[in-house]
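Take a look at this one; I'll ask things after.
The values are calculated or read from the model by the stated rules, or taken from the named source; none is laboratory data. Owing to the predicted nature of the structure, the values given are computational and were not obtained by experimental measurement. Cβ placement follows ideal geometry from the backbone for every residue including glycine, while neighbour counts extend to all protein chains displayed.
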Amino acid sequence: MSILAKIFTWWDGATIGTLLNSWRNGIEVGHDAQGNRYFKGKKPGAQGQERRWVIYNGANDASRVPAEWHGWLHGAFEDAPESNLPPPRIWEVDYTPNATGTAGAYRPAGALEKGGVRARATGDYEAWSPDQ
């Protein structure tokens, strides 16, 4: 990414100001499998609470924060999530990003994006008409 884009864009990763603030006032706590980095403040905030934040690796989309790091960001536990997690279950699936609004979004049969043709109604359906 060019230096101008890094200075002026906030929607695709951190700006230079955010990176400098994180370097100066934060301590990196860890990172997740997607490359997002998590920080906590060196000093307590205004109400005495610890400030915590994330710098996304790519698009700034809150759905890209895994559940364990979401809990840490909101103060559910103090230590990094790796020390608080149970072992993964066999039925757990890997993260998939929210595809709403993209070409990969779910579109049922009959959706305009799929041609707008749906299966014909079966014989058990009868349309209502006001003169009945």
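Looking at Ala59, Ala67, can you tell me which residue is more than 30 Å from Leu4 (Cβ to Cβ) and within 15 Å of the chain's Cα centre (by Cα)?
On inspection, the qualifying residue turns out to be Ala67.
Now, a different point. Tally time: how many residues in segment 84-108 are modelled with pLDDT of 80 or more, farther than 16 Å from Val65 by Cα and surrounded by 10 or more Cβ atoms within 10 Å (Cβ to Cβ)?
3
Kindly establish whether Glu68 is touching a helix residue (DSSP H, G or I) at 6+ places or on another chain (Cβ under 6 Å) and either at pLDDT 80 or above or not hydrophobic (A, V, I, L, M, F, W, C) (or both).
yes
Just the residues that are free of Cβ contacts under 8 Å to residues at least 40 places away in the same chain and under 27 Å from Arg52 (Cβ atoms), please, taken from segment 94-108.
Result: Asp94, Thr96, Pro97, Asn98, Thr100.
Go through Ile7, Ile55 for me and flag whichever is at pLDDT 85 or above, touching a Gly at 6+ places or on another chain (Cβ under 9 Å) and of a type in the set (Val, Ile, Thr).
Only one candidate qualifies: Ile55.
Could you tell me whether Pro81 is exposed (fewer than 14 other Cβ atoms within 10 Å of the Cβ) and either aromatic (Phe, Trp, Tyr) or modelled with pLDDT of 75 or more (or both)?
no
In segment 11-37, what count of residues is obtained for those that are within 21 Å of Gly71 (Cβ to Cβ), surrounded by 13 or more Cβ atoms within 10 Å (Cβ to Cβ) and without any contact (Cβ under 8 Å) to a residue 40 or more places away in the chain?
6
List the pairs whose first member sits in segment 51-73 and is closer than 20 Å to Gly41 by Cβ, whose second member is part of a helix (DSSP H, G or I) and modelled with pLDDT of 90 or more, and whose Cβ atoms are under 6 Å apart, counting only residues at least 6 apart or on separate chains?
Arg52/Leu73
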